[in-house]
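**Q** One structure is given below, represented as structure tokens, and several questions about it will come after.
What follows is calculated from the coordinates using simple rules that are stated; it is not laboratory data. It should be emphasised that the depicted structure is a prediction, and the values quoted were computed from it without experimental measurement. Backbone-built Cβ (ideal geometry, glycine too); neighbour counts: all protein chains shown.
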């Protein structure tokens with residue numbers, strides 16, 4: 001009887017260890033997130049899945065132009081992917097054809113304009129970030145949310161690359 005249990009354990013043990021390692025990696029190192037909409041096109045096609053590096057945020061500071069995944073401030077059960085435009089303490093002004101950060105034009109390569117909605121001036125509070133999609137006319141971003149700013153604690157990781165579908169695999173440009 002013990003020999004049978006030993007034999008079963010000999011193949012269950014590696015599975016248990018593998019699952020535990022996978023869960024640790026998913027929790028603290030990396031994950032894959034779905035991007036269901038075209039709000040980040042052309043830099044992130046829709047629909048697709050992106051590789052997210054959690055360590056970039058855990059051990060580094062978010063920076064302007066970085067594409068990140070985060071818990072949406074209006075419903076933390078939803079995960080969004082956007083570009084950081086405003087840093088803590090910044091003033092972001094959105095006009096129809098431009099974005100200004102602290103009075104200076106802020107340009108991101110391959111951004112689809114015009115902005116059309118959410119025009120105005122935003123003052124980013126301490127410990128928070130102002131997010132915008134690269135496809136400005138269709139992006140549901142900080143300009144439109146009830147809770148306009150993303151807390152540092154809500155940022156999950158840096159969206160590094162498109163990994164699926166396979167014919168769309170590429171690095172995500174950070175600026």
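**Q** Please figure out what share of the DSSP beta bridges in the chain is antiparallel and state it in percent, rounded to the nearest 5.
**A** Looking only at bridges with both residues in the chain, the antiparallel portion is about 95 percent.
**Q** Of 39, 153, 77, how do they rank once you tally other Cβ atoms within 10 Å and put the fewest first?
**A** By the 10 Å Cβ count, ascending, the order reads 77, 153, 39.
**Q** Here is a follow-up. Mind pulling the angle between the C-alpha long axis of helix 2-28 and the longest principal axis of the chain? Nearest 10 degrees, somewhere in 0 to 90.
**A** For 2-28 against the chain, the angle is about 10 degrees.
**Q** May I pose another question? How large is the Kirkwood hydrodynamic radius of the chain, in angstrom, based on all distinct alpha carbon pairs?
**A** 17.5 Å is the Kirkwood radius here.
**Q** Ok, one more. Can you sort 57, 79 by how many other beta carbons sit within 10 Å, fewest first?
**A** 79, 57
**Q** Another question, if that's okay. With the contact rule set at Cα under 8 Å and sequence spacing of 6 or more, what percent relative contact order holds for the chain?
**A** Relative contact order comes out at 26 percent.
**Q** Which value results when the Cα radius of gyration for region 113-175 is divided by 2.2 N^0.38 Å? Provide the component values of the computation, followed by the final result.
**A** Working: Rg = 14.1 Å, N = 63, 2.2 N^0.38 = 10.6 Å.
Its radius of gyration relative to the 2.2 N^0.38 Å reference: 1.33.
**Q** If you don't mind, there's one more thing I want to ask. If we count other beta carbons within 10 Å of each Cβ, what is the order of 158, 41, 58, fewest first? If you can, show how the numbers build up before the last one.
**A** On the way: 158 23, 41 18, 58 12.
The most exposed by this proxy come first: 58, 41, 158.
**Q** Between residue 58 and residue 96, what is the label-to-label distance in nm when each label sits 7 Å out along the Cα-to-Cβ direction?
**A** My value for the distance between the label points is 4.7 nm.
**Q** Now for a different question. Tell me the mean residue ellipticity at 222 nm calculated for the chain from its helices only (DSSP H runs of n ≥ 4, each -39500 (n - 2.57), averaged over every residue, nearest 500). Intermediate results must be reported in sequence, preceding the final value.
**A** On the way: 2 runs with 31 residues, N = 175.
Theoretical 222 nm ellipticity from helices: -6000 deg cm²/dmol.
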